[in-house]
Amino acid sequence: MSLAHVMRSEADLLLPTYERNPVLFQRGRGVHLWDSKGKRYLDFLSGIGVNALGYQHPAIQKTLWQQSRKLIHISNLFFHEYQAELARRLVKISGLDRAFFCNSGTEAWEGALKLARAYAQLHNRNGHKPKWRLIALDNSFHGRTFGALATTGTPKYRAPFAPLLPGVTFVKLNDLDGLKRHFDSSLCAICLETIQGEGGIHPVSPAFLELARKLTTQRGALLILDEIQCGLGRTGRYFAYQHYGVQPDIVTVAKPLAAGLPLGAILTTDRVAGAIHPGLHGTTFGGGPLACAVAIKFLGQMEKLLDHISRAGDYFHAQLQWLAAKHAGVLEIRGLGLMLAMELDSADRANAVVRQLLEQGIIINRTHETVLRFLPPYIVSNQDIDRVIRALDAALNLKTAGSPVSRVTGRKQTTAASRLRNR
């Protein structure tokens, strides 16, 4: 089937929700994809962080084949052998106590918000002002459903669907005074991404996360961390919050968890889990035997790769910093591990670089208009990184219409990631 045929069919039949690149992929192996014309691409986006082990990983392929011959789905009215084992592994590496499995990051986030409200109601004493409000962050992204949108601090995602869930107050990332000012006795949770992903790869500062933990502990509210993009090995540790020494009450994960199959999870403490009882929450497809069996295998492979992720991430970060020192159009390098970003001085330049790399068979993407986002598979090599650096170097040399003639400052910014790396 040709690319032109698929494009025409989608134009006639699908809701127009995506601006797709004109490429029809047909197979993948390792860190590479091949399109319908046989062209090979180096994937430094991993399906937006999902294909963390690349493509056709032998351990994942074997598990898929074996489990699909036995059992793909049963309802959550019955037991199967993999949910408890997957939960055991997740609580062990997270330091939390219990798990709930669902289908996606958005669904996990919705469940986390419900859990926070249920916990607040359970612990509300007679005569006390109800706790129901939420604090979320500007520039954040938590998903496309109504609760997730209500806590997403980027106006372009929210505005077309207003009014949304009430009771959400937004503060700026790392604004300590703003967090203190908006925290009161009506708050049931602070909700944030440990590293903002769609917002341009912005790590939360240690001081901000520590203050969020202190305030919620003192006032009986919950700290909810969205690690859907930054969790499960992406930063070189099991979870990004483990770089900070702060333990949350609820964590949501998804993207790489089942190596490409839909699976998300809520992780929480026994104390918070006490607010849930049978019938209060559920899902049809979440936590099926096929997805859970694959997720168990993924976690086993990820554990072996954490040191490699840290080393590869440090190498990639250093190479990006070299480019930043060389090219005036690069404003900042941010991120941890293999979750990195290069901020450029204009949306035109960023868009041109993404297009130029795609033409050369390298997949990255642009987020937050001016930010190049890099989420390569965990199995990436230094040679793969070198190829991307060479391509970026050449693309950044190209003149781009609409780019600023000069910069406000010639000094590269010190990033939160750099400060964390030295902790």
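Points worth noting:
- A residue that is among the polar types (S, T, N, Q) and buried (at least 24 other Cβ atoms within 10 Å of the Cβ) can be found somewhere in region 244-257.
- Every residue from region 210-241 that is touching a residue at least 24 places away in the same chain (Cβ under 8 Å) and surrounded by fewer than 24 Cβ atoms within 10 Å (Cβ to Cβ): Glu210, Leu211, Arg213, Leu215, Thr216, Arg219, Gly220, Leu223, Arg237, Tyr238
- Residues that are in contact with a helix residue (DSSP H, G or I) (Cβ under 8 Å, 6 or more places away or on another chain) number at least 2 in the following helices (runs of 4 or more DSSP H) confined to region 27-109: 58-68, 83-94.
- Qualifying residue in region 155-168 (condition: closer than 26 Å to Arg237 by Cβ and in the same structural domain as Arg237 (by TED's automatic domain parsing)): no
- Residue check for Asn103: under 17 Å from the mean Cα position of the chain (by Cα), within 20 Å of Tyr241 (Cβ to Cβ) and surrounded by fewer than 22 Cβ atoms within 10 Å (Cβ to Cβ): no
- Near pairs, Cβ below 8 angstrom, 6+ apart or cross-chain, from region 381-399 (in the same structural domain as Gln360 (by TED's automatic domain parsing) and more than 20 Å from Val371 (Cβ to Cβ)) to any residue that is among the β-branched types (Val, Ile, Thr) and modelled with pLDDT of 95 or more: Ser381/Val31; Asp384/Val31; Arg387/Ile362
- Given (1) more than 21 Å from the chain's Cα centre (by Cα); (2) closer than 20 Å to Ala254 by Cβ, number of the condition Asp43 does not satisfy: (1)
The values are calculated or read from the model by the stated rules, or taken from the named source; none is laboratory data. Quick caveat: nothing in here was measured; it's all calculated off a predicted structure. Every residue, glycine among them, receives a Cβ derived from its backbone with ideal geometry; neighbour counts consider all protein chains shown.
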